[in-house]
Amino acid sequence: MQGTIARVCMVVAAAILNHPLLFPHENTTLPEQDEDLVARMREHEEMLEMEHARLEKELAQLDSELEETPSDQGFSWYFWSAVSFVIFLAIEMCRADIAEDEIRPVEDEDVISETVSIPPRMMDKNALRNFCDKCTYTSSHENWKVREFVEGFADDLLESLRSMCDREVDMEVGDFIGVGSMFESWKVCQPLMCDLLVPFTPPDPHSFLYHLWCSSSSDIPPDMQCSGTIKVTMFGEDEEACLCGSANLGEDVLCLLHNKNKVVKVNRSPDELLCSSGTHFLAKDQIMRWFQIAVTKAWAGISHKYDFEVTFRSLDAAGALKIRFRSGKVIVLNLIPVVQLEDTDAYFVSYFPSDHNSFPDPYWPLSLAVCERNLLKYLAKRLPQNSCHLHCLQVATFLHRKQLSLTGESALTSYHFKTAMVHLLLSTRTSAWGAASLERRLQDVFTFLQKSLQEKRLYHALIGNRKVPQDIRVPERFRKAEPINLFRSLVLRRKLYAATVRHFQEMLRNAPVLLEEYTPYLSNGC
């Protein structure tokens, strides 16, 4: 009797495991409207039910017969019967797995499942040496002259801007800071572009109060990572800003900020403080409008001193200037209004020249470009003489820019190649970056970026990275923060991801031809 129960349980288990409605949502990618698939599953269910009924009938007959057989034969029959059902279960489970594999949908990862190797001709030492020689002896010299001119012109322009501003009403403009490829010595493609951060502070008696995405009390949305808000406050408005408003210090103690005999009362609307409508949060569009007007007036005051033309490249980007000389040469100058985060090398930027997906007001993206520039200088002092790290970046960004002209826009930017190289610099020994290792390190950069694309994950080089040396002034809150995925937008945007992968693969395939087309820009070119 016990053997009969065991056999019946085995048959029931087989039927349950093969029932099509056991796990209705196990594979959410199955097409719900596939009539052929549903029909096959119903036929399979009916077959199992018929088999179940037949086996029950046979088991009933065998029970009556076994009552007259010796016990050892009955146990032998039970054993082989159980083995048969186990084999039956194994076969059915294998068939189910094979069926699932046959109907598996194409995933995004299949787009890049085929490994794209670096073309051998691109890794030819002579071709790379020829490219690097042109960069070193032509581009570097030209870049040095451009930087010298831009720094002098920017000083003159900002001094003119300060002279026309009202210090009691307007924002106070500080000294510029050069960042980006031109000031990191790896600029190789046209146009000649210089990025200058221009810090500004509010007029007295106002100050800025910062709220970052990584703070414990932050209400910034998850898709606004690496950003923050800037609130315009007034001295004395927040009692925590000064002890004289929260403690009884006695009559003999004088507050240098708040003189009792001279109380500062400034009633300004949010619009006058360049804030978002109805709030006290600094607005990027208001700042850019103010800065564009200020730069226009400043240039009008000094234009008679220069023999070239200055125009705005874009009305949406304040300070995006195009300088055109009579010879036809063009220099692009991006004066970017920024707010310094306390006394650190981190800045809230009003816009990124190469980023078309800016955050909406009142969220300000955070830039660690100054920290990145300092990190490259720090590493350059510890790398071998004539190290290849800048040449790797020049080759990679040159190929990327050339491929963009062929396949159009993609999610990849020069900043992603720079991020990949910084990760490698921080994780490999310094002796591996000698001049003779250019082709190997270049392949490492492409392999790293290819893997990052496949995983849709490329972390920010400084935020959440404990490998960054302490000598680099990265704020501690950013060192301890969760890493920021620069490829986060590719997770949900499948079309953009596929286009980006195709761009990267085509770039590697076309690399030999693109390198041969390189011609360094000349001083009289445009």
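The values are calculated or read from the model by the stated rules, or taken from the named source; none is laboratory data. All values reported here derive from a predicted model rather than from experimental measurement. With ideal geometry, Cβ positions are generated from the backbone for all residues, glycine too; neighbour counts draw on all protein chains shown. Please note that ligands, DNA and RNA were not included when accessible areas were found on the heavy atoms of the full protein model with its side chains. Shrake-Rupley method; radii C 1.70, N 1.55, O 1.52, S 1.80 Å.
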Cross-link table LYS418/LYS456; LYS231/LYS467; LYS134/LYS322; LYS134/LYS402; LYS381/LYS456, entries beyond 22 Å C-alpha to C-alpha = LYS231/LYS467; LYS134/LYS322; LYS381/LYS456
Three-way shape label, region 416-523, alpha-carbon gyration tensor, a/c 1.5 | oblate
Convex hull of region 275-425 built on C-alpha atoms - directionally averaged projected area, nm² | 12.7
Computed FRET efficiency, Cβ-Cβ of THR447 and GLU476, R0 30 Å: what is it to the nearest 0.05?
-> 0.40
So what are the three principal axis dimensions of region 346-392 from its Cα atoms, in whole Å, longest to shortest?
-> 46, 20, 9
For region 395-446, Rg(Cα) over 2.2 N^0.38 Å is 1.27
Taking the alpha-carbon set of region 146-213, what are its Rg and Dmax in Å?
-> 15.3, 45
Within region 284-387, report the chymotrypsin sites (Phe, Trp or Tyr not before Pro) that DSSP leaves as loop and that have at most 14 other Cβ atoms within 10 Å.
-> TYR306
Net charge (Lys, Arg +1; Asp, Glu -1) of residues whose beta-carbon lies under 12 Å from that of MET507, MET507 excluded, is +3
Any chance you could check the Cα centroid distance between region 407-482 and region 368-393 for me, in angstrom?
-> 12
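Within region 417-526, report the GluC sites (Glu not before Pro) that DSSP leaves as loop and that have at most 16 other Cβ atoms within 10 Å. Could you put the intermediate results ahead of the total?
Details: sites: GLU439, GLU455, GLU476, GLU506, GLU516, GLU517; in loops: GLU517.
Of the GluC sites (Glu not before Pro), the ones in loops of region 417-526 whose Cβ has at most 16 other Cβ atoms within 10 Å are GLU517.
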Trypsin sites (Lys or Arg not before Pro) in region 142-176 lying in a DSSP loop, each with at most 16 other Cβ atoms within 10 Å of its Cβ, come to ARG167
Over region 399-515, give the accessible area per residue in Å² for a 1.4 Å probe, as an integer.
-> 47
